[in-house]
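A short worksheet on the structure shown next.
Throughout, read-outs are computed from the coordinates displayed, never taken from laboratory work. None of the values given here were measured: they were computed from a predicted structure. Methodologically, a virtual Cβ is constructed for each residue, glycine included, from the backbone with ideal geometry; neighbour enumeration extends over all protein chains shown.
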Amino acid sequence: MADAVAAASPAEDTFPKLLLRNARIRGDRPAIREKDLGIWQTWTWSEVADEVRAFGLGFQELGFKRGSRVAIVGSNRPCLYWAIMATQALGGVPVPVYADAVAEELAQVLADADVTFAVVEDQEQVDKILSVRDRAATIERVIYDDPRGLRDYDHARLHPFTHVQEIGRRRLESDPGAAEAWLAEIDAGKGSDISIMLYTSGTTGRSKGVMLSGERCIAAASDTVAFDKLTDRDEALAYLPLAWVGDHYLNYAQGMVAGFCIACPESMETVLQDLREIGPTFYFAPPRVFENNLTTVMIRMEDAGRLKQRMFHYFLGVAKKYGERILNGERVPLTGRLLYGLGELLVYGPLKNVLGFSRIRVAYTAGEAIGPDLFSFYRSLGMNLKQLYGQTEAFLYVTAHADGHVRADTVGPPAPNVEIQIASSGEVIFRSPGQFVAYYKNEEATREAQTEDGWVHTGDAGFFAKDGQLKIIDRAKDVGKLTDGSLFAPKYIENKLKFFPNIKEAVAFGDGRDYATVFINIDLNSVGNWAERNNVSYGSYQELAAHPDVYGMVEEHVASVNRDLVAEEAMAGSQIRRFLILHKELDADDGELTRTQKVRRSFIAERYAPLIEALYDGSDEKYVETEVTFEDGRTGKIRATVEIRDMAEVPSAPGAREAAE
Amino acid sequence: MAFVDPGQIRDADAGQKGDVLLRVEDVSLSFGGVKAITAISFDIKQGEIRAIIGPNGAGKTSMLNVINGFYHPQEGEIWFRGKKRKALKPHQIANEGIARTFQNIALFKGMSTLDNIMTGRLTKMKKNMFWQAIWRGPAEREEIEHREVVERIIDFLEIQHIRKTSVGRLPYGLQKRVELGRALAAEPALLLLDEPMAGMNVEEKEDMSRFIIDVNQQFGTTIALIEHDMGVVMDLSDRVVVLDYGKKIGDGPPDEVRRNQDVIDAYLGVAHD
C-alpha cells in the first residue's frame, strides 16, 4: 500500500521539492496535458521541471526577488501552473485571481496583496491590469501567454511567457552555475513559508487573502490522496477556476503529491467535450454541473425514439432500485444484479461515456447542498460520487464521505486528521492539517475566524447525525425564525426548489416575517425547451418568465415543495405562501451571485426591496426597474411588471406524509 | 498574411505595407439599362482596412463583385498586384488571392464547422483524384498539413467548441464567424467582407470587430468591407470610400469622410450647420 499510494515524505515540505521528486521518480509519466489545435499535447514531469526552471531563471532576470507576490490571472493553462510552480520555487507567493473578475475586483486584490508581477493568459487580462495600473501601482511587470492582439502594445514592461523562458534558457547555457542556483533556491524554501494566497470568493463582503503554508497544504493533500487511494495512474481535468481553493487543492496539490496528470481543456466552452476525451478518473464538479448534465440528458432523451425512451426509463428504474445498494456493497438479489448488469450494457455505460464519466473512480461534489434525487441518480449509475465539505481556510477538506458510507443529506464524517466541534451557537468549528496561517494584512479578521488554540470558525450551522456524519443546514447567520417562532432555513427551501429542472435559482425570505416567500429564476434551457414543444413563443427571458403557463408550472413545483416541508416536523412552519418569478436572471456581473455562482442574499434583498415588500403587502403584481450590467461593462435598465402568486396552505395533518408521496 | 507562420511569410509578389494592392480605375458596370456603378476610381493599399459605405442600392455589393472578379466591368480597369486584370472564370478568381464572405451566409449547412473551413483550402490541395482515392500516403499527408492551418484558424476565431457541430445548427453570429474562417483558410491577399455584422447584436458585433482587427494586425491581411453600422466603420477602417447611386461621393480617412458635406447629405443624415 505504501508503494501503491505515493505520499510525500517529510523531506518534501514544499511544492517545488515535490516537483523535483516527481521529475526524479516518475520523470517519464505525464504531468500535464493541454489540447492545442485539436490535439492533446503532453508534458512529462521532467519536462515540466525544465519548463518551470526556464521560466524561473528568466523571471529572476526580470527582477523577481524572494518574497515577490505574483498575480496569476487566466483560465487553466499549463504555463500558468508553471508560473505558480516557478514562483514557489524561487520563494515567492503566487496569488491567483479569478479570470472573470472585473477590473474593479482585480484592482482590489492586486492592491491588497502588494503584487509586483502578474502572469496572465491573454490580451483581455493585460487590458484589465493596464486599466487599473493607477490603483495597483506596485505592479512592475506583466507576463502574458497568448500574444494575440498584443503586438502593438508597449513592451517595456510587458513580456511574452515564451520570451521569459528564452531568457532563462540562455542563462542556463551561458552560466554553468544557474541550474545549481535554482536548486539552491528550492532548497532554501521552508515548509512553513507561505506557499500560496487564495482570495475568498466574497460571499460575505470583501474578499480576504487566505495565506496557506506549504507543509500544511502538503499534509492535507497527502491525507486525502491516501484516503481516496490516488496514484500517479490517475488523471483529472483541470477546469476549475485557478483562483479557487478547489482547483489548487484537488488538481495542483493532489496532483503534485500523488504525481497524477492534470489535463487543461482547450477552452472553457469545450470542457464537456474534453471531459469525454480525457475520461478522468478523479473528478470534482459543483452540484450545478451535475444538475445541468442531468437536465441536458433528460431534454435530449425527450427527442429520442420511443423504444429508446422506454428502455432508458425502465433501466433508470432498475438503477434506482439496486444501483446505490450495489455501489455500497450491500446485498442485492441475483435478478437485481443481472438486470443492473444488462442496464449497464444498454444504458448506464453509454450514458456515462457520453458524459465523460466512464473511468471515474472517485468523484466529489461540494459548494452547495445537492438534491438527494440528483445525488442518487449519479450514484445509481455506478459512479462513486461523494460529498465533501470544506472551505478555503481549511485548504478545502473539513469532512468527506468515505467509500461505501455515502448519504445525500450529509457531507460525511471529519476528513482524516480533522477535528470538528459544534459551537454552542450551532456553528461548525474545526482544526485541520491544512488550515490557514492567517489572513493577509487583516489581523482582526484572523482573530475573528481563528481562536487562540487553533479552532477555525466556518460560519456554517450544522449538526452531527447519529452515525457521526455532519449535516450542514445553512450559513449560521442565515438561519432565522418566522414571527411565530418556527425555524426558517432559506437554503434548505431553495435547494428543494432548485431540484426541479425548470427552476435554476431560488431565493427565500422569511426571517422575522409572518411567512416564507421566494423569488424564482426559471432555467432558460429547460423551460425554453418546454416552450418550443408547446408552441409558446417568447422573445426574451423576461417574456418567458412572465408567461402564465410558466407561472402555472412553477406553482405546481412550489406546491410540491410545500408538501415536502410539511412532512418534516421542524420545517412545517416555513412553507412557502407567496412567490414570484424574477424578470431577469441573477448574474455575477450584477453582483447578485458570487464568482462561484452562489446567491448573495443580502445584496439581492436590498436590490429587490420593492419586490420583497410586495410579497408581504398582499398586492398581486409590482412594477420594477432594475439596472443591469452587460458583459462589456456598460449598464442598462430592465423594466417589468412582476406577477405575484399566492399558495394554498398545506395542512400539517397527520396524514400529510402519505399525501405528499 | 499566411496562417502557417503568422505575419512572417509573405508572397514574393506581395508588396510592403502602404503599397497599392488593388486599383479600380474609371470602372462602370451596368445590367441592361441599369447603371450600377458609374466611373468609379479608388485604390486599396497593402495592409489597410478599407470600408465601402453607402445607402441601399448605392452599388456597394456590385463594387465588391467587381473587385473579386465575379463581374467584369464594361468600362474601366482593375489593377491587382500591379497587373491589369482580364475577365476571369470562377476557378481563376478563387486562385487570385481574393477571398470573401457573403451578405447572406453561404455555408454548407449540413457540414461541420471544420469541414466548411476545410473547403476554403480546396484550391490549395494539389493531389489529384487518383491519390485522393488511394488516400493513404501523399493525400493523407497533404490533408494533415491543411488541417493544421485550419486548426490555427479555429483557434484564432475561438470556435473550438463547435469544431464538429454542423453549421446549420449554429446561431447566426457563429455562422458568420465560420464564414470568415473559410475565407481566411484561403490565405487571401485581399479579404472582402460583405456586411460582416449585419443582423448581429452588440456583443457579437464587438467580437467580430475584434476578429477583423486581429486578422488585419496579426496576419497583415488587407481587408475591404461593406458595413452599415457607422460606428463600426469609423472605428475599424483606415480609409472609407462612400458611394451613392453608383457614384463615388467621398473618399478618405473616417474623420474626413464624416465631415464631408456630400456624405452627410446622402447618408449620415445630419443637418447642415
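Remarks
- Arranged from fewest to most other beta-carbon atoms within 10 Å of their beta carbon, B:Thr113, A:Thr365, A:Thr281 become A:Thr281, A:Thr365, B:Thr113.
- Over the range A:411-476, the ratio between the Cα radius of gyration and 2.2 N^0.38 Å evaluates to 1.15.
- Set the Cα radius of gyration of the range A:443-549 against 2.2 N^0.38 Å, with N its number of residues, and you get 1.51.
- Radius, Kirkwood style, for the range B:111-184 when every pair of distinct Cα atoms is counted (Å): 12.8
- The value of relative contact order for the range A:411-476, using C-alpha pairs under 8 Å at least six residues apart, is 36 percent.
- Separation between Cα centres of the range A:108-185 and the range B:171-213, rounded to whole Å: 32
- Ellipsoid semi-axes for the range A:1-149, based on the Cα gyration tensor and the rule √(5λ), read 29, 18, 13 Å when sorted largest first.
- Overall form of the range A:15-284: rounded. Here a/c, set by the Cα gyration tensor axes a ≥ b ≥ c, is under 1.5.
- Residues B:Met63, B:Met129, A:Met85 arranged by fewest to most Cβ contacts within 10 Å: B:Met129, A:Met85, B:Met63
- Computed over the protein assembly as shown, the ratio Rg/Rh where both radii use C-alpha atoms and Rh is Kirkwood: 0.99
- Projection of the Cα convex hull of the range A:18-96, averaged over all directions and equal to a quarter of that hull's surface, yields 5.4 nm².
- Span per principal axis, largest first, for the Cα atoms of the range B:41-142 (Å): 51, 32, 27
- Rounded, prolate or oblate (a/c below 1.5 giving rounded, otherwise prolate when a/b exceeds b/c) for the range A:273-326 by Cα gyration tensor: oblate
- Rounded tilt (10° steps) of A:524-533 against the dominant C-alpha axis of chain A: 50
- Rounded to 0.05, the FRET efficiency of the B:Glu140 and A:Glu104 pair, given R0 = 56 Å and the Cβ-Cβ distance, is 0.60.
- The helix-only estimate of mean residue ellipticity at 222 nm for chain A, built from DSSP H runs of length n ≥ 4 each weighted as -39500 (n - 2.57), is -10500 deg cm²/dmol after division by the residue total.
- As computed over the range A:328-469, the Cα convex hull volume per residue (Å³): 134
- Multiplying each eigenvalue of the alpha-carbon gyration tensor of the range A:393-439 by 5 and taking the square root yields semi-axes of 20, 15, 8 Å, largest first, rounded to whole angstroms.
- Theoretical FRET efficiency, 1/(1+(r/R0)^6), r = Cβ-Cβ of A:Ala304 and A:Ser540, R0 25 Å, to 0.05: 0.25
- The relative contact order of the range A:480-660, computed from alpha carbon pairs under 8 Å that lie at least 6 residues apart in sequence, is 21 percent.
- Model label sites at B:Glu206 and A:Thr641, defined 7 Å from Cα along the beta-carbon direction, differ in position by 3.3 nm.
- Largest-first ellipsoid semi-axes for the range B:147-273, taking √(5λ) over the Cα gyration tensor eigenvalues, angstrom: 32, 16, 12
- Kirkwood Rh (inverse of mean 1/r, distinct Cα pairs), the range A:251-348, angstrom: 16.3
- In plain terms, the C-alpha convex hull of the range A:95-147 casts an average shadow of 3.1 nm² when viewed from every direction.
- Relative contact order (%) - chain B, alpha-carbon pairs under 8 angstrom, separation at least six: 27
- Of A:Lys386/A:Lys471; B:Lys86/B:Lys248; A:Lys498/A:Lys637; B:Lys109/B:Lys176, those spanning more than 19 Å from alpha-carbon to alpha-carbon: B:Lys86/B:Lys248; A:Lys498/A:Lys637
- Shape category assigned to the range A:135-277 from the gyration tensor of Cα positions, a/c cut at 1.5: rounded
- Debye log10 I(q)/I(0) for chain B, one point scatterer per Cα, at q = 0.08, 0.16, 0.17 Å⁻¹: -0.34, -1.29, -1.43
- Segment A:Gln41..A:Arg533, full-extension length gain: 172.8 nm, with 0.36 nm per residue of separation and the alpha-carbon distance subtracted.
- The range A:329-379 and the range A:249-298 have Cα centres spaced 17 Å apart.
- Each principal axis of the Cα atoms in the range A:480-660 has its own extent, and those three values, largest first, are 54, 37, 33 angstrom.
- By the count of neighbouring beta-carbon atoms within 10 Å, fewest first, A:Asp409, A:Asp232 end up ordered A:Asp409, A:Asp232.
- The modelled label-to-label distance for the pair A:Glu452/B:Lys83, using points 7 Å beyond Cα in the direction of Cβ, is 9.1 nm.
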